[in-house]
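Worksheet: the structure to be examined is printed underneath.
The values are calculated or read from the model by the stated rules, or taken from the named source; none is laboratory data. The structure displayed is predicted, hence computed values, not measured ones. Cβ: placed from backbone, ideal geometry, glycine included. Neighbour counts: every protein chain shown. Note: areas computed on protein heavy atoms with side chains; ligands, DNA, RNA excluded. Shrake-Rupley method; radii C 1.70, N 1.55, O 1.52, S 1.80 Å.
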Amino acid sequence: LFNKTLAGYCDRNMWLDIVICAAIWGIAFFIWSGYAVPNTYFSPKPLPPTYDVFPFSDARRTDLSAFSFLTGEMGLNQRIPVQPLYALFIAGLHLMAGTQYQAIINLQVAVLALLPVFLYLLGRKMHSRTSGIFIAILMILKETNTLSNASLLTTSNSKLYLTELPTALILSGLLFVTIDMFKNRAAPAWKWVLAGGLAGL
């Protein structure tokens, strides 16, 4: 009876975490995607005749690397992109959304909205659900503040082709897996492989 009760309690806890994670992701995506692409050094304002955003500087180099994956130019010119993993990610977004900057950015924001979810899981693993929710809220507010002031400050945000937030996403996953392994000394081998893979990425 005790084992069945404990199993039911654990299942309820798991479903509660799933609901909280889904809510955090939904709130982050809803708030962040509500902001227009800011006019910055890396994303100048739209101009005629297309009135579309064209990335500039480092963001432009990443976009060109992504297109070189899609067109085969990279293989022909023996060109190695500076940030191949992120360029490959952007190339995948181009395959799904075409060339419209806003459509690609919406997909990127949907992926980057997982960052507060990972931070929630990290805070829950290290302390409690309340701590995890608090950390996730802080991350959502931090990015909201960045998007609000992006036109005034040259800084990385979720609406640009820059690697800071994707790197933070992978690092938060690495921290979660590593802390989980240290808390459980008999961690299975696949967790060590996952941690090594995330560190490599």
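Numbers for the structure displayed
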quantity: Separation of alpha-carbon centers, the stretch 25-89 and the stretch 98-165, rounded to whole Å; calculated: 17 Å
quantity: Within the accessible area of the chain (1.4 Å probe), percent carbon and sulfur; calculated: 70 percent
quantity: Label corresponding to Cα Rg over 2.2 N^0.38 Å when calculated from the structure given, among (1) 1.03; (2) 1.20; (3) 1.11; calculated: (2)
quantity: Alpha-carbon Rg/Rh ratio, for the stretch 38-128, with Rh computed the Kirkwood way; calculated: 1.09
quantity: Average accessible surface area per residue within the chain, 1.4 Å rolling probe, Å²; calculated: 59 Å²
quantity: The chain: DSSP helices with Cα axial extent of at least 24 Å and average Kyte-Doolittle hydropathy no lower than 1.0; calculated: 164-183
quantity: Fully extended contour minus Cα-Cα distance, from Leu16 to Asn145, at 0.36 nm per residue; calculated: 43.6 nm
quantity: Trypsin sites (Lys or Arg not before Pro) lying in DSSP loop within the stretch 18-91, provided at most 15 other Cβ fall within 10 Å; calculated: Arg79
quantity: Computed over the stretch 131-201, the ratio Rg/Rh where both radii use C-alpha atoms and Rh is Kirkwood; calculated: 1.11
quantity: Relative contact order of the stretch 10-140, pairs being alpha-carbon contacts under 8 Å that are 6 or more residues apart, as %; calculated: 22 percent
quantity: The stretch 80-186: relative contact order in percent, alpha carbon pairs under 8 Å with at least 6 residues between; calculated: 26 percent
quantity: Trypsin sites (Lys or Arg not before Pro) restricted to the stretch 159-200 and DSSP loop, no more than 11 other C-beta within 10 Å; calculated: Arg185
quantity: Label-to-label distance, nm, for residues given as Leu171 and Ala187 (7 Å Cα→Cβ offset); calculated: 1.8 nm
